[in-house]
Amino acid sequence: MKWVLRYLNGSLKGGLKYTRSQPGRDALEGYVDADYAGNVDTRKSLSGFVFTLFSTTVTWRANQQSVIALSTTQVEYIVLVEGVKEAIWLKGMIGEMGISQGCVKIHCDSQSVIHLANHQVYHERTKHIDIHLHFVRDMIETKEIMVEKVASEENLADMFTKSLSRSRFKHLLDLINFIEA
């Protein structure tokens, strides 16, 4: 409880700064990440995603997954599915505001998940992943989304799924345009 109060007290004077800092980039981008079996009691994993609009965070979520995953690939794939659903909703919302967005890039730090999403190949090690999760492939085929590799150090969703050092946390806050007043 003390840690939470100390954190809240330290962040009272800060906030997100909304500017169009990089005009050449896409308007909407997402970052997804998960920890594998992070809950020591239930062995369920924690999922997290962050979406930015013109490089500033507009939506984020961190929650415990409802299933116990059998592999790190399954954990990361589940959070990718949640991220894709959020991306589709956000793309429609910003479209109604007059911001056109082609393909939404979703950044993921798991090479196996990117390969699984982009290639419809049966593999013995991924047969336990449910079919309903593979709708990501349809979104990639229709060019609604694109999944790209991002270095773990630059993955904004890490701040919601892992314990980080103060300097790393500060670095990620800088990436989402969190400004101390």
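Is it the case, given these coordinates, that Ser112 is among the hydroxyl-bearing types (Ser, Thr, Tyr) and surrounded by fewer than 18 Cβ atoms within 10 Å (Cβ to Cβ)? Please lay out each step first, then the result.
Values: among the hydroxyl-bearing types (Ser, Thr, Tyr): yes; surrounded by fewer than 18 Cβ atoms within 10 Å (Cβ to Cβ): yes.
So Ser112 passes the test.
Yes or no: Val136 at pLDDT 90 or above, within 17 Å of the chain's Cα centre (by Cα), of a type outside the set (Gly, Ala, Ser) and closer than 18 Å to Asp33 by Cβ?
Judged against the criteria, Val136 is not a match.
Checking His107 against (1) at pLDDT 90 or above; (2) surrounded by fewer than 12 Cβ atoms within 10 Å (Cβ to Cβ); (3) of a type outside the set (A, V, I, L, M); (4) not in a helix (DSSP H, G or I): exactly one of these is not met. Which one?
All conditions pass for His107, except number (2).
Looking at this structure, is Lys149 modelled with pLDDT of 90 or more, of a type in the set (Lys, Arg) and closer than 24 Å to Arg61 by Cβ?
Considered against the rule, which asks whether it is modelled with pLDDT of 90 or more, of a type in the set (Lys, Arg) and closer than 24 Å to Arg61 by Cβ, Lys149 comes out as yes.
Step by step: first the residues of segment 145-171, then only those that are acidic (Asp, Glu) and in contact with a strand residue (DSSP E or B) (Cβ under 7 Å, 6 or more places away or on another chain), then the one that is surrounded by the most Cβ atoms within 10 Å (Cβ to Cβ). Which residue is that?
Asp158
Working only within segment 73-85, note down all residues that are in contact with a Lys or Arg (Cβ under 8 Å, 6 or more places away or on another chain) and surrounded by 21 or more Cβ atoms within 10 Å (Cβ to Cβ). Quick ask: steps written out before the conclusion?
Pass one, segment 73-85, residues in contact with a Lys or Arg (Cβ under 8 Å, 6 or more places away or on another chain): 73, 82.
Once the filter is applied, which keeps residues that are in contact with a Lys or Arg (Cβ under 8 Å, 6 or more places away or on another chain) and surrounded by 21 or more Cβ atoms within 10 Å (Cβ to Cβ), segment 73-85 yields only Thr73.
Output the number of the condition that Tyr18 fails; it satisfies all remaining conditions of (1) of a type outside the set (Lys, Arg); (2) farther than 18 Å from Ala157 by Cα; (3) in contact (Cβ under 8 Å) with a residue 40 or more places away in the chain; (4) outside any loop (DSSP other than H, G, I, E, B).
Failing condition for Tyr18: (4).
Residue check, Ser66 against (1) without any contact (Cβ under 8 Å) to a residue 24 or more places away in the chain; (2) under 21 Å from Leu164 (Cα atoms), all met but one. Which one?
Of (1) without any contact (Cβ under 8 Å) to a residue 24 or more places away in the chain; (2) under 21 Å from Leu164 (Cα atoms), only one is false for Ser66: (2).
Condition first: within 19 Å of Val50 (Cα to Cα) and not in a helix (DSSP H, G or I). Now tell me which residues in segment 65-92 satisfy that.
Scanning segment 65-92 gives a single hit, Gln65.
Before we move on, is Thr56 under 18 Å from Ser152 (Cα atoms), surrounded by fewer than 18 Cβ atoms within 10 Å (Cβ to Cβ) and more than 10 Å from the chain's Cα centre (by Cα)? Quick ask: steps written out before the conclusion?
Numbers: under 18 Å from Ser152 (Cα atoms): no; surrounded by fewer than 18 Cβ atoms within 10 Å (Cβ to Cβ): yes; more than 10 Å from the chain's Cα centre (by Cα): yes.
No, not satisfied.
The values are calculated or read from the model by the stated rules, or taken from the named source; none is laboratory data. Keep in mind the model is a prediction, meaning the values are calculated, not measured. FYI the Cβ positions are ideal-geometry reconstructions off the backbone, even for glycines, and counts take in every protein chain you see.
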